[in-house]
1. Which one of C24, N208, A80 is farthest out on the positive end of the charge dipole of the chain, using unit charges on Cβ (Lys, Arg +1; Asp, Glu -1) and the Cα centre as origin?
2. Work out the count of Lys pairs in the chain where the Cα-Cα distance is under 20 Å, with the pair 8 or more places apart or on different chains.
3. Using R₀ = 30 Å, calculate the FRET efficiency as 1/(1 + (r/R₀)^6) where r is the Cβ-Cβ separation of Q213 and S239; round to 0.05.
4. When the C-alpha atoms of the chain are aligned to their principal axes, what extent does each axis show, in angstrom, from largest down?
5. Residue separation times 0.36 nm, minus the C-alpha to C-alpha distance between N73 and T187: what's the value?
6. With a point put 7 Å past each Cα toward its Cβ, work out how far K246 is from S38 in nm, to one decimal.
Amino acid sequence: MSVASDADEKETRGYPSAFWIALCGYPLLFGLLCRRRSDRAEGALKLVSTIHAVLSTSLAARDAFDAKWKSLNLITSRSARSNAVVAIEAGYLLQDTAISYLADSRYKIRFTRLMKLHHVVLGSLLTLFLEFARRKRERGVFFVEMFLLMNASTPLLNLRWFLRRRNHHGRVQALASTINDAGLVATFFACRIGLIYYMLWLYGVRTNRSVVQSFLSIPVQCKTGTASLLILNTLWWLSMARSTLKRHLK
């Protein structure tokens with residue numbers, strides 16, 4: 001049985017307004033920052049990405065670590081506020097996919113097929129989740145929201161891009177680059193690898209299981225997605241850590 005965790009939750013016939021605001025608002029922000037200038041397009045995309053990452057991470061952290069979840073079922077409990085946070089992410093991913101194709105054709109900014117596929121798949125899955133939420137059939141919004149905390153590494157990733165685009169190579173920039181790279185490697189590990197372990201551990205605490213038992217007990221589709229995400233993020237982190245060490249120890 002699903003339990004609504006928000007006391008003031010109201011009946012809704014459509015998606016949360018946050019979905020439409022993100023879907024339409026981010027392209028407008030990109031347009032204002034870019035102003036149809038090819039030399040600003042990539043920087044504008046990075047800035048919009050950073051703004052979204054800060055917003056998404058902050059909202060997800062505030063809600064996911066709310067005391068309300070201590071007394072709620074992490075799988076069946078429903079939350080209109082949590083769904084709104086997920087809606088922002090879904091709207092961002094869908095519009096960012098469209099913007100990336102536009103930037104590719106108009107501004108010649110190349111995006112890898114893997115990144116485009118990543119956005120299409122995640123955006124579609126989160127929109128599907130919102131459709132289930134519209135019908136009040138969603139499950140596990142707490143964990144979906146927790147996954148959004150992986151956005152915490154994005155601002156440092158984008159800052160690395162900005163630092164490396166600068167032509168100055170003084171001591172201050174070298175120090176800033178070193179600090180940012182170290183923070184990126186640490187943050188990426190914590191929020192994209194350690195977070196998965198934490199969620200399995202938390203679920204295990206609630207169900208009296210170990211981390212391994214928690215992983216084995218979840219549905220096959222969740223098990224496959226979790227394992228794939230853990231493997232891909234680990235490989236990405238290893239590649240990032242290796243390139244960072246080579247860059248600063250040469």
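1. C24
2. So the count of such lysine pairs works out to 6.
3. My answer for the efficiency is 0.45.
4. So the extents along the principal axes, rounded to whole Å, are 59, 40, 30.
5. Result for the pair: 38.2 nm of gain on full extension.
6. About 3.1 nm, to one decimal.
Since every read-out is calculated from the coordinates, none of them should be taken as a lab result. Since the model is a prediction, treat every value here as computed from it, not as a measurement. We place every Cβ from the backbone using ideal geometry, glycine too, and count neighbours over all the protein chains shown.
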